[in-house]
Amino acid sequence: MEHEAPRDLTPGQSDAVTLAFSDMEADVCGVARIGRALDGDGDVVTSGLAILFAGGAPVSVRAEGGVPAGEGVGWGEAEAAGVWTEIVDPLRAWRFHYEDEEGSHAFLLDVEAVSVPAALSADAPAGKLGGMEGYDQLVKVTGTVTIDGTRRTFSGRGQRGHSWGAPDWGKLALARTVGVWLEGDAGVTMTAVRGAKAASHADEAIHAVLLGRDGETGEATSLLVADPRISTTYDSEGRQRHTGLELYETDEAPYARRAAGEVACGTTLDLGRLRLDCAFFTWRMEGRSGVGRYDILRRTED
């Protein structure tokens, strides 16, 4: 699939791949992101972000931008903030690596798709308002994680995504990214975008996809949710603590499929004019347990 390759960029656009992962108890979790954009001279530069949690607390955070891109055109030629990724088999398998500057925290992970891509198109309400498009897949994650110099085996779930576009944060208030990774290769991907002039979260453009397996054939399935809703409670500093999802599969559906999540760990990053509240949740949905990620990226200036 041509979308797996880095996108051709125009001024103002960005292109990034992201992996979020967690073990079954949300004791070890992490995010690795590597992106591409054009600098003021029109040259491609790379940015990277990595966050690693252990025991309910962040143990390693590293960010870097403006790194000259490698001479090749694949993701494997790009590295920033100690993050590197490789496409092993398009839409099926990838590899992610991270190491901090001291070498005391790191991970080397093999990532295997367990779902079909959940696409967000440019003409979907959330894609149009947010200025982004792309796709996400539920994944199985195995490999090693190094924490405080001690390497351990890792096995868990996650979500790998590829997104591109040109978000205009002069017109946006916040964007939410939610992933629910359940037993049985099932889950939910959700993107919610709020415009700067929106009165409340009720005015957000929300895009949600249910991912799972056909009960008879075992084939991977996806369903665009007709009416997705999200409610969140926050602490005194505005960080997400509990959330609930209501997913009406069709406009005529008499009841919603529901999921409830509670924060397991999180941290806040100052990104200049933006603030990122990155959190990992434990989830319950229709008798299944799971883990997942819930990020809020918001504008901090008037």
Please enumerate, by chain and number, the lysines with C-alpha under 21 Å from the C-alpha of Lys197, excluding those fewer than 8 residues away in the same chain. Lys128, Lys171
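Computed over the Cα atoms, what is the radius of gyration of the chain divided by 2.2 N^0.38 Å, N being its residue count?
On the way: Rg = 18.2 Å, N = 302, 2.2 N^0.38 = 19.3 Å.
Output field value: 0.95.
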Given a 10 angstrom Cα cut-off, can you work out which residue in Ala253, Ala166, Ala205 is the most mobile in a GNM of the chain? Ala253
Count neighbours as other Cβ atoms within 10 Å of each site's Cβ, and list the GluC sites (Glu not before Pro) in the range 123-209 that are DSSP loop with at most 14 such neighbours. Glu183
Exposure proxy check on His105, His242: fewest-to-most Cβ neighbours within 10 Å is His242, His105
Selected from Glu64, Glu112, Glu102 as most flexible by GNM, with the chain as the system and alpha-carbon contacts under 10 Å: Glu102
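Would you calculate, for the chain, the mean residue ellipticity at 222 nm contributed by helices, counting each DSSP H stretch of 4 or more residues as -39,500 (n - 2.57) and dividing by all residues, to the nearest 500?
Details: 1 runs with 6 residues, N = 302.
The helix-only estimate for the chain comes to -500 deg cm²/dmol at 222 nm.
Taking square-rooted eigenvalues a ≥ b ≥ c of the alpha carbon gyration tensor, is the range 93-205 rounded, prolate or oblate, where a/c under 1.5 means rounded and, failing that, a/b exceeding b/c means prolate? List each step's numbers first, then the result.
Numbers: a/c = 2.54, a/b = 1.80, b/c = 1.42.
Prolate shape, in that a/c is at least 1.5 and a/b is the bigger ratio.
FYI, it's all coordinate maths here, none of it is from the lab. Model, not experiment: these values are computed from the prediction. We place every Cβ from the backbone using ideal geometry, glycine too, and count neighbours over all the protein chains shown.
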